[in-house]
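Remarks on the structure that follows.
The values are calculated or read from the model by the stated rules, or taken from the named source; none is laboratory data. Model, not experiment: these values are computed from the prediction. Every residue, glycine as well, gets a Cβ built from its backbone with ideal geometry; the counts of neighbours run over all protein chains shown. Note: areas computed on protein heavy atoms with side chains; ligands, DNA, RNA excluded. Shrake-Rupley method; radii C 1.70, N 1.55, O 1.52, S 1.80 Å.
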Amino acid sequence: FQSQFALRGAEFRRIGLMMDGVLLHSPFHTVQGDATSASAALFGGDILEGVTLYEGPLPASVSDRTAGVVAMTTRSGARDRVRGRGSVSMSNVSGLAEGPLGKRGAWLVAARKSYLQYLIDRLSDDDTIAFAFSDAESRLDYDVTARQRLKLLVMYGTSGLDREKAIPRAGLNSVITSDYDFTLVSIGHTWAVTPGWLAEHRGAWIDEKWGNRNREVLRLGAERYGEWVMSGDHTARIGRWGVDGGYSVRRLRGEGEALVRRNAPLAPLVAERYRGTGVRAGAYAAPSLRVLDGRLTVRTGARWDKHD
């Protein structure tokens, strides 16, 4: 029951999940702060156009991860007519709708909501799986000109744990209720400058927050994390030569705490408390050359990164 995974023995925190060129931090429905809890991906597969796993030497365009990267791209909505579909699984119900946006664009909306917790509540006395989630994704595409396109991607997810049935036998530091909210807003601009030069720039905002509480509805732990992201990638081809290059600037912010509750009137022990900001900046260049009539491509690359 884990959406996180290892790659060649490397733990998940060394593996990156990228959505349309934006590195995601923790896109999972789970009980945050508890590494042993189950998890589910915060988005459905209906919105994805492609997924690429980089398990070997990472491309120069990748930063902040060392073991591997899963690069995901979302798909554009249908441009011919409005379409929709729905599905039901053992744990959730989901739906998707898409259609044209005038003559120059398209829209797509998808959403999911779990209902497994309702079934468990009526069919079982097990209070350890009292977990619910819902999420939604939306993408808008608009062709500014024949060679320029704007794209807006919005993702939101919320999940939580409710173990109120376990209050009579719960300890003072047992998690009874938990909630988690995730938001991603990304704006992209793609420009075919020339037939051999493609430029893509994007800006994104990420916000995550969670809180865990005990039987007395007192906080056991909480965190707020966010990022502002600016990045760009350029691809140029001239004859047998090719050059890929780009940059990224991420302003990170985070604050949180973990508390150990004690019987009144003792104040809680602070196990952890932190707050800070930081900027990660980087740039890369990766030239390539096709030889032997295009049957062999030689690639190289270099990357520079700075974390303040």
Q | Per principal axis, descending, Cα span of region 202-308 in whole Å | A | 79, 24, 20
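What's the FRET efficiency of L218 with R83 using the Cβ-Cβ distance as r and R₀ = 45 Å, to the nearest 0.05?
Working: r = 48 Å, r/R0 = 1.08.
With R0 = 45 Å, the Cβ-Cβ based efficiency is 0.40.
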Q. What residue among V62, V279, V229 has the largest mean-square fluctuation in a Gaussian network model of the chain, using Cα springs under 10 Å?
A. V279
(Q) As I understand it, the dipole of the chain uses +1 on the Cβ of Lys and Arg and -1 on the Cβ of Asp and Glu, about the Cα centre. Which of G278, N212, Y156 lies farthest toward its positive end? (A) G278
Q: Calculate the length of the line joining the C-alpha centroid of region 89-152 to that of region 205-240, in whole Å.
A: 19
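Tell me which trypsin sites (Lys or Arg not before Pro) from region 230-308 have a DSSP coil assignment and no more than 11 other beta carbons within 10 Å of their own. Could the numbers behind the result be given before it?
Values: sites: R237, R240, R250, R251, R253, R261, R262, R273, R275, R280, R290, R295, R299, R303, K306; in loops: R240, R261, R262, R295.
Listed in order of number, the matching sites are R295.
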Q) With each label point set 7 Å from Cα along the Cα-Cβ vector, what nm distance links T66 and R299? A) 2.2
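Taking 45 Å as R0, compute the FRET efficiency from the Cβ-Cβ separation of T183 and A264 and round it to 0.05.
Calculated value: 0.80.
Find, among the GluC sites (Glu not before Pro) in region 229-308, those assigned to loop by DSSP (not H, G, I, E, B) with at most 16 other beta-carbon atoms within 10 angstrom.
Details: sites: E255, E257, E272; in loops: none.
Sites meeting the loop and neighbour criteria: none at all.
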Q) Y118: accessible area at probe 1.4 Å, nearest 10 Å²? A) 110
Q: Would you mind counting up the charge near T194? Only other residues with Cβ under 13 Å from its Cβ, with Lys and Arg at +1 and Asp and Glu at -1.
A: +2
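Of K103, K165, K209, which has the most accessible area with a 1.4 Å probe, and how do the rest follow in descending order? Spell out each step's value before the answer.
Numbers: K103 210, K165 110, K209 85 Å².
In descending accessible area the options line up as K103, K165, K209.
Quote the charge dipole size of region 167-253 about the Cα centre in Debye, to the nearest 20; the model charges only the Cβ of Lys and Arg (+1) and of Asp and Glu (-1).
200
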Q. At what distance in nm do the modelled label points of R122 and Y142 sit from each other, each positioned 7 Å from its Cα along Cα→Cβ?
A. 4.5
(Q) From the convex hull of the Cα coordinates of region 1-122, what is the mean projected area in square nanometres? (A) 10.0
Q. Of L108, A170, F5, whose Cα points farthest to the positive end of the dipole of the chain (charges on the beta-carbon: +1 Lys, Arg; -1 Asp, Glu; origin at the Cα centre)?
A. L108
Q. Once the dipole of region 161-308 is set up with Lys and Arg at +1 and Asp and Glu at -1 on Cβ about the Cα centre, which of H307, W191, Y247 lies farthest towards its positive end?
A. H307
Q: Using only the alpha carbons, work out the radius of gyration and Dmax of region 36-104 in angstrom.
A: 16.8, 49
Q: Kindly report, to the nearest 10 Å², the accessible surface of I176 as traced by a 1.4 Å probe over protein heavy atoms only.
A: 0
Q | Sequence of H29, H234, H307 from largest to smallest accessible area, 1.4 Å probe | A | H307, H234, H29
Q: Using only the alpha carbons of the chain, determine the length spanned along each of the three principal axes and report them from longest to shortest in whole angstroms.
A: 74, 48, 33
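With charges only on Cβ, +1 for K and R and -1 for D and E, what is the dipole size of the chain about its Cα centre, in debye, rounded to 20? Present the calculation step by step, with values, prior to reporting the outcome.
Details: 42 positive and 35 negative charges, 151 e Å.
About 720 debye.
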Q.
If each DSSP helix of 4+ residues adds -39,500 (n - 2.57) and the sum is divided by the residues in the chain, what number results at 222 nm, nearest 500 deg cm²/dmol?
A. -500 deg cm²/dmol
Q: Any chance you could run the full-extension gain for S3 through N173? It's 0.36 nm times the residue separation minus the Cα-Cα distance, nm to one decimal.
A: 58.6 nm
Q: Normalise the Debye intensity by I(0) for region 65-202, one equal point scatterer per Cα, no solvent, then take log10 at q = 0.10, 0.19, 0.21 Å⁻¹ and round to two decimals.
A: -0.54, -1.14, -1.24
**Q.** Heavy-atom accessible surface of region 124-191: percent carbon and sulfur, 1.4 Å
**A.** 60
Q: Over the chain, calculate the relative contact order: mean separation of alpha carbon pairs under 8 Å at least 6 apart, over the residue count, as a percent.
A: 11
Q. At S76 and A10, where each label point lies 7 Å from the Cα along Cα→Cβ, what is the point-to-point distance in nanometres?
A. 3.3
